[in-house]
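To start, the structure under review is shown below, and the notes come after it.
The values are calculated or read from the model by the stated rules, or taken from the named source; none is laboratory data. What you are looking at is a predicted structure, and each value in this text was computed from that prediction instead of being measured. With ideal geometry, Cβ positions are generated from the backbone for all residues, glycine too; neighbour counts draw on all protein chains shown. Note: areas computed on protein heavy atoms with side chains; ligands, DNA, RNA excluded. Shrake-Rupley method; radii C 1.70, N 1.55, O 1.52, S 1.80 Å.
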Amino acid sequence: RATATMGEAPEPSPQAPLAVLSKVELRVSCKHLLDRDTLNKSDPCVLLLMQSQGQWMEVDRSEVIKSNLNPVFAKIFMVDYYFEEVQKLRFEVYDSHGHAGVGTHDDDFLGGMECTVGQIVAQKRVTKPLFLKYGKFAGKSTITVISEEISGNNGYVELAFRAKKLDDKDLFSKSDPFLEIYRIDDDRSEQLVYRTEVVKNNLSPIWEPFKVSLNSLCSCEEKRKLRCVVWDYDSRGKHDFIGEFFTTFEEMQKAMGENKVQWDCMNPKYKIKKRNYKNSGVVVLLDLKIHRVYSFLDYIMGGCQIHFTVAIDFTASNGDPRNSCSLHYINPYQPNEYLKALVAVGEICQDYDSDKKFSALGFGARIPPKYEVSHDFAINFNPDNDECEGIQGVVESYQSCLPKIQLYGPTNVAPIISKVARVAADEERTKEASQYFILLILTDGVVTDMADTREAIVRASYLPMSIIIVGVGNADFTDMQILDGDDGILRSPKGEPVLRDIVQFVPFREFKNASPTALAKCVLAEVPKQVVEYYSYKAFPPRCPRPETPDSNLSSPQ
């Protein structure tokens, strides 16, 4: 299983172990819930908990459905699905009490059920009994969870509905309408897609715009039938039927731009009984916007190139390269750690770069001719073109530059991050998903210019780039973990947070005895997600592959 944030696709190449993450939508309904209320029925709400390091943590909760022992919840729970992990879930149903919220007292507990994400995904629909504490059955109560994977070429749609002149169902006031949309599946069963809020005392309500995935709305089939029902809300759970209409996503799409689409809201009983019956009101789709969601492979297949830059630490703490104890020592029989890390990561990145030219920079050394300290010099000593031919070209430039430079210091990496960021900023202005930049920084110590580096990373998080830092040697790299925003959010010295987490830090020593692919897998695991996050934030779609690219035989996903 290899790809990006959304969905599945074949691996781009056998040695590209890119992390995959699918998102799964879970929908919940219950039957025959226990009645905890004396005067009317329970007001159920579902809590979703996930097990993390042995502890149950609440992930999300549904809306409360008033006075209903057979609730169908409109809430869609989104969970990340990892094929290679057992992800334990627990659903707990509670009777809610108005403003006090969901009490978690035993007398409000209507039952719980445990399962794994894998079970739900494999079966698509799981129905299980609800249990009270100590393994007691909660009467005949059951819970059903339905899963849908949000697959690659999916997207979501934003809809805005209103109604006009609805039938009045209330004696002393006007109706309190809400709208439900159901998808009709192949087996003729109906799946609730969305339930709007209730607009009180209004026969011409305007409901809030809402978003649903194309998968959940119509299973990505434009002609699939949808049933839309308008109800008059009743606080006791006995909602009055106002009317219904049938449509398709294909028909809804006529509401794009300035156009609007409207339907007669029909009550079949009235149609039979009343001679001059026209409708029970009109429902209007005011606006429809489609947002596509693309995967990493959609961008790659659309011709997006990954441009790879390596930055090598030439500070004095590495030791004299002529000495066999030096981290820069060139042993003809055994590559040093700098070379091992460079080759492991570079070999995967080169699959995604059609010209196979890599920028190779150095920092922290005195360089010819004047032997002044530089923090962003080309290791091929060509200031106009710092690119080397392939990974082998980088290795050769590295080996030939070592005797010409004097290792010095300090360990300043902000200049190199800013240098790559300037190129990425030029790329951003094209407003196309054509080039994404990966900067691999190889260093033997903690950076000296931490404040400037944090500032540079925050700026870079708005650009098409990711930063991988590999710590070489045996220094204490604790302070470097700050740059990897996994534990908390990295902020600039002024407190501005990164837009996206773009830094991955790993000490090479953790992979010393592992295969080179293990290091690459670890540091590149986040890249697909980072690429998709960036282009989604910018709303840049994948490009179509150009005939001259090597990928021209790949058709671009629509």
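Toward the positive end of the charge dipole of the range 156-291, with +1 on the Cβ of Lys and Arg and -1 on the Cβ of Asp and Glu, the farthest Cα among Phe246, Leu288, Tyr156 is that of Phe246. Taking each of Lys41/Lys238; Lys225/Lys271; Lys164/Lys278; Lys66/Lys238; Lys31/Lys225 in turn, the alpha-carbon distance tops 18 angstrom for Lys225/Lys271; Lys31/Lys225. Placing R0 at 30 angstrom, the Cβ-Cβ distance between Asp384 and Glu347 gives a FRET efficiency of 0.65 after rounding to 0.05. Looking at the square roots a ≥ b ≥ c of the eigenvalues of the Cα gyration tensor of the range 156-291, which shape do they give, rounded for a/c under 1.5, prolate if a/b is larger than b/c, or oblate? Verdict is prolate for the range 156-291.
Let a ≥ b ≥ c be the square roots of the eigenvalues of the Cα gyration tensor of the range 22-150; is it rounded (a/c under 1.5), or, if not, prolate (a/b larger than b/c) or oblate?
Details: a/c = 1.78, a/b = 1.70, b/c = 1.05.
Verdict is prolate for the range 22-150.
For the range 296-538, the share of DSSP beta bridges that are antiparallel, to the nearest 5, is 30%.
Grab the Cα-Cα distance for Lys260 and Lys164, subtract it from 0.36 nm times how many residues apart they are, and report the gain in nm with one decimal.
Details: separation 96, 0.36 × 96 = 34.56 nm, distance 1.35 nm.
Additional length available on full extension: 33.2 nm.
Solvent-accessible area per residue for the range 268-335 at a 1.4 Å probe radius, Å²? Before the final figure, lay out each step's value.
On the way: 3530 Å² over 68 residues.
Ligands and nucleic acids excluded, the result is 52 Å² per residue.
Cβ-Cβ distance of Ser235 and Arg36, R₀ of 22 Å, FRET efficiency by 1/(1 + (r/R0)^6): the value works out to about 0.80.
What is the dipole size for the range 296-538, taken about its Cα centre, with +1 at each Lys and Arg Cβ and -1 at each Asp and Glu Cβ, in debye to the nearest 20?
Values: 21 positive and 33 negative charges, 43 e Å.
Rounded to the nearest 20 debye, it is 200 debye.
Taking the accessible area of the chain, probe 1.4 Å, and keeping the other protein chains in place, the carbon and sulfur fraction comes to 50%. Here the peptides 23-36, 176-189 are ranked by packing, the mean other Cβ count within 10 Å, and the order with the highest first is 23-36, 176-189. Counting only residues at least eight positions apart within a chain, or on another chain, the aspartates and glutamates with an alpha carbon under 16 Å from that of Lys494 are Asp449, Asp452, Glu455. Summed over qualifying helices (DSSP H, 4 residues or more, each -39500 (n - 2.57)) and divided by its residue number, the chain shows a 222 nm mean residue ellipticity of -5000 deg cm²/dmol. Computed from point charges on the beta carbon alone (+1 for Lys and Arg, -1 for Asp and Glu), the dipole magnitude for the range 22-150 about its Cα centre is near 440 Debye. Ellipsoid fit via the Cα gyration tensor, the chain: semi-axes of 57, 27, 20 Å, each the root of five times an eigenvalue, largest first. Placing unit charges on the Cβ atoms of the charged side chains and taking the dipole of the chain about its Cα centre, the candidate lying farthest along the positive direction among Pro528, Tyr436, Phe131 is Phe131.
To the nearest 20 debye, what charge dipole does the range 156-291 have about its Cα centre, counting +1 at the Cβ of each Lys and Arg and -1 at the Cβ of each Asp and Glu?
Rounded to the nearest 20 debye, it is 600 debye.
Taking the charge dipole of the chain about its Cα centre, with +1 at Lys and Arg Cβ atoms and -1 at Asp and Glu Cβ atoms, the residue from Val59, Leu49, Leu33 reaching farthest to the positive side is Leu33. Sorting 212-221, 395-404, 308-317 by average packing, meaning the other beta carbons within 10 Å per residue, from highest down gives 308-317, 212-221, 395-404.
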